[in-house]
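Here's the structure, in structure tokens; my notes come after.
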Amino acid sequence: MTALTRRPDNDRNRKGWNVYYGDVRVGHIGMRAGVPVDEDQWGWSCGFTPGCDISEQTHGTAATFEQARAEFEEAWKKIERAKTEAHFELWRYQRDWTAWKYRMWDEKMQMPTQRTDGRSRCFCGAEITNASISKHIQAAHRGIGA
């Protein structure tokens with residue numbers, strides 16, 4: 001069984017962690033912003049998109065980090081039972097596609113959809129078409145967003 005791990009998020013103003021199942025971000029646990037001091041100070045969200053139905057995703061609040069973590073882990077157990085490797089692959093593909101797209105923009109490369117002939121070049125030099133983008137990203141740029 002793959003263990004859940006936490007990685008600090010990038011919010012310098014409050015504590016928070018992204019929660020990963022292997023390489024898939026499956027949620028977040030962190031301090032809530034703007035809540036009164038007599039309310040729960042910690043919040044959590046559990047689920048990943050794509051890969052989870054909106055009805056499967058859940059969230060909650062807690063008074064302490066330890067309570068938030070325990071509630072998150074219980075919610076994750078319910079989601080994990082219903083997931084196959086294909087669900088996690090959907091998330092990985094979306095992660096890599098998004099990172100690839102932003103790299104193309106950073107390199108000032110046009111997408112095939114931006115050209116009248118439907119052809120372009122990837123930043124790696126490969127010729128790509130509208131029909132070949134998905135296979136190209138999976139073959140040449142797997143993990144680019146990790």
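Values in this text are rule-based calculations from the coordinates and carry no lab data. Small disclaimer: the values here were computed from a predicted structure and weren't measured. All Cβ positions, glycine included, derive from the backbone under ideal geometry; neighbour counts span all protein chains shown.
Before moving on, here are some points about what is shown:
- Farthest towards the positive end of the charge dipole of the chain, among the residues Pro36, Val24, Ala70, is the Cα of Val24, using unit charges on the Cβ of Lys, Arg, Asp and Glu.
- Taking a straight Cα-Cα cut-off under 20 Å and skipping sequence neighbours fewer than 8 places away in the same chain, the lysines within cross-link reach of Lys135 are Lys101.
- When shorter helices are ignored and each DSSP H run of at least 4 residues is given -39500 (n - 2.57), the per-residue value for the chain at 222 nm works out to -10500 deg cm²/dmol.
- Counting neighbouring Cβ atoms within 10 Å and putting the fewest first, the residues Cys46, Cys124, Cys52 line up as Cys124, Cys52, Cys46.
- Arranged from fewest to most other beta-carbon atoms within 10 Å of their beta carbon, Val19, Val35 become Val35, Val19.
- P(r) histogram, all alpha-carbon pairs of the stretch 85-140 included - 10 Å bins from 0, percent: 23, 55, 19, 3
- Relative contact order %, the chain, counting alpha carbon pairs below 8 Å whose residues are six or more apart: 14 percent
- The peptide list 138-145, 23-30, put in order of mean Cβ contacts within 10 Å with the highest first, becomes 23-30, 138-145.
- Sorted by Cβ density within 10 Å, fewest first, the residues Lys78, Lys101: Lys78, Lys101
- Remark on Trp17: its backbone amide H falls under 5 Å from those of Asp9, Ile29, Gly30, a criterion applied only to residues 5 or more positions apart or on other chains, H modelled at 1.01 Å from N.
- In order along the stretch 127-139, phi translates into HN-Hα couplings of 6, 10, 10, 4, 6, 9, 4, 4, 5, 5, 4, 5, 7 Hz, rounded to whole numbers, per the Karplus curve 6.51 cos²θ - 1.76 cosθ + 1.60 with θ = phi - 60° and x for Gly and Pro.
- Net +/- balance of residues flanking Glu107 in space, Cβ distance below 12 Å, scoring K and R +1, D and E -1: +3
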